[in-house]
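What follows is one structure encoded as structure tokens, with my remarks underneath.
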Amino acid sequence: MAVKIQKPRGTMDIFPRDALIWQKIEKKAREAAGLYGFGEIRTPTFEELSLFKRGVGEVTDVVQKEMYTFTDREERQFALRPEGTASVVRAIIENGKASDAMPLRYYYLINCFRYEKPQAGRSREFFQFGTEMFGTKDASADATVISLANHLIKSLDIKDTHLHINSIGCPECRPKYREALVSYFKAHEDKLCDTCKERLKTNPLRVLDCKSPICSEIAKGAPNTIDYLCPECDEHFEDLKSYLDAEGIEYTVDTRIVRGLDYYTKTVFEFICNSIGAQSTICGGGRYDGLMEQLGGPALPGIGFGMGLTRLILAMEASGSTQLEEACPALYIAPMGKEAKKKALEIISSLRKNGIYAECDICGRSLKAQMKYADKIGAKYTLILGDSELESGKAQLKNMSQSSQEEIELKDINKFIF
């Protein structure tokens, strides 16, 4: 007996009925990106491992625990992409795009891979809509990217969603904050989880983002990033708030938002949907002004975001905005005999050339079974085609919703279906 092969844990199969909602999100995402002047970029599914170690950060959970890595036949180390930004930066540098007109604006719809515990809204292969803007450090760029995300969320009719923003400073002011943060958590170190004890040595900002109830409670009393900002970062954050106010985008300053990747500077933000449970962040992003240089490129400040499609779907379901109808054929022809089937194929071929969805039997069903099938797939019209219809050149066209029918000339069928 053959062993049943199953899909890898944390992946999914998506069938046509479910794919409709994915297609809607992808369409709306492309429309929103185009409205804001972003063009699509496509990068490899796997990259050199060093790209993500340098770009994402060697001490992040993503690099240390979650990446899918492999060695090829020439002993080179690669990784399936865990996120999209590092690949875009590599592509800009490698292809000389830093000499193009600024700002550079790209979007992508990609699959990413992280070895995480699968749960609602989190999988090991996940799909993401992301944007990247490079070449401007002005806070109006931050507001523009946030506005794009806000526009897409509203176009998908997602409700109960709120924007949270924060500033985590820059290399000038962050060391002072880091020192204050370490000092605070050191006083509570015996109560922290083992992971956060390690983070305290390597990346103390990540302690603020821990989901452990005990660590979260301790973090409530931690110093706030915005209290340690240098004048430049403080002005940038105040400008961002004023631009969001000008656009009428409501927000909450949330000093616990730090994001999980090392490359973030200054602005970080999340859109949170309160109606989808623990995995409530449907969009996360921020500024990464030093990433281009870190990967060997010119000094180009950047900002962007990522949206997980499965979480968007959860939010749409909670908002009641996933009701979509499958496409139904305008005409179903039930042929009786080989000659009738030839004529049926001729007719539906003509309709398809004119952009009309039409079908005929290709399974050898009985007439009764064909009519049941036509009803099941929601055909608007049906037509029975036999020897007498072929001889006379006429047939009865039935309107399935009205249960009415009329005789038509087969040569004129396009007029009736249109």
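The values are calculated or read from the model by the stated rules, or taken from the named source; none is laboratory data. Please read all numbers here as calculations on a predicted model, not as lab measurements. Using ideal geometry, Cβ is built from the backbone for each residue, glycine included, and neighbour counts are taken over all protein chains shown.
Of the residues that make up segment 92-100, is at least one surrounded by 20 or more Cβ atoms within 10 Å (Cβ to Cβ) and at pLDDT 95 or above? Talk me through it step by step, then tell me what you get.
Of the residues in segment 92-100, the ones surrounded by 20 or more Cβ atoms within 10 Å (Cβ to Cβ) are 92.
Cutting the leftovers down to at pLDDT 95 or above gives us 92.
Yes, because at least one residue in segment 92-100 is surrounded by 20 or more Cβ atoms within 10 Å (Cβ to Cβ) and at pLDDT 95 or above.
Do you know which residues across segment 49-69 are farther than 19 Å from T265 by Cβ, out of contact with any strand residue (DSSP E or B) (no Cβ under 6 Å at 6 or more places or on another chain) and surrounded by fewer than 17 Cβ atoms within 10 Å (Cβ to Cβ)?
S50, Q64, K65, E66
Restricting the first residue to segment 337-364 and requiring it to be assigned by TED's automatic domain parsing to the domain that holds I413 and farther than 22 Å from S388 by Cβ, which pairs with a second residue that is surrounded by 14 or more Cβ atoms within 10 Å (Cβ to Cβ) and among the charged types (D, E, K, R) meet a Cβ separation below 9 Å and a spacing of at least six or different chains?
I362/K341
Evaluate the following for I146: is it in the same structural domain as R30 (by TED's automatic domain parsing) and crowded, with 17+ Cβ neighbours inside 10 Å? Even if it seems obvious, please write down each step before you answer.
On the way: in the same structural domain as R30 (by TED's automatic domain parsing): yes; crowded, with 17+ Cβ neighbours inside 10 Å: yes.
Yes: the conditions hold for I146.
Considering only segment 1-33, how many residues are in contact with a strand residue (DSSP E or B) (Cβ under 9 Å, 6 or more places away or on another chain) and either charged (D, E, K, R) or without any contact (Cβ under 8 Å) to a residue 12 or more places away in the chain (or both)?
As a first pass, look at segment 1-33 and keep what is in contact with a strand residue (DSSP E or B) (Cβ under 9 Å, 6 or more places away or on another chain): 8, 10-12, 22, 25-26, 29-30, 32-33.
The next check asks that each one be either charged (D, E, K, R) or without any contact (Cβ under 8 Å) to a residue 12 or more places away in the chain (or both); those that pass are 26, 30.
Final tally of qualifying residues: 2.
Out of all the residues in segment 119-135, is one or more in a strand (DSSP E or B) and farther than 22 Å from T281 by Cβ?
yes
Would you check which residues across segment 249-298 are at pLDDT below 90, surrounded by 16 or more Cβ atoms within 10 Å (Cβ to Cβ) and more than 19 Å from the chain's Cα centre (by Cα) and list them?
If the condition is that a residue be at pLDDT below 90, surrounded by 16 or more Cβ atoms within 10 Å (Cβ to Cβ) and more than 19 Å from the chain's Cα centre (by Cα), then T255, I257, V258, D262, Y263, Y264 are the ones that fit.
Only one of these is assigned by TED's automatic domain parsing to the domain that holds W22 and not in a helix (DSSP H, G or I): A222, A278. Name it.
Checking each option against the conditions leaves just A278.
If you take just the helices (runs of 4 or more DSSP H) that sit entirely in segment 1-112, which of them hold at least 3 residues that are charged (D, E, K, R)?
16-35
Can you tell me which of (1) touching a His at 6+ places or on another chain (Cβ under 6 Å); (2) modelled with pLDDT under 95 is the one V63 doesn't meet?
Looking at each condition in turn, V63 falls short on (1).
Can you tell me which of (1) in a helix (DSSP H, G or I); (2) farther than 30 Å from Y243 by Cα is the one P175 doesn't meet?
In the conditions (1) in a helix (DSSP H, G or I); (2) farther than 30 Å from Y243 by Cα, P175 misses (2) alone.
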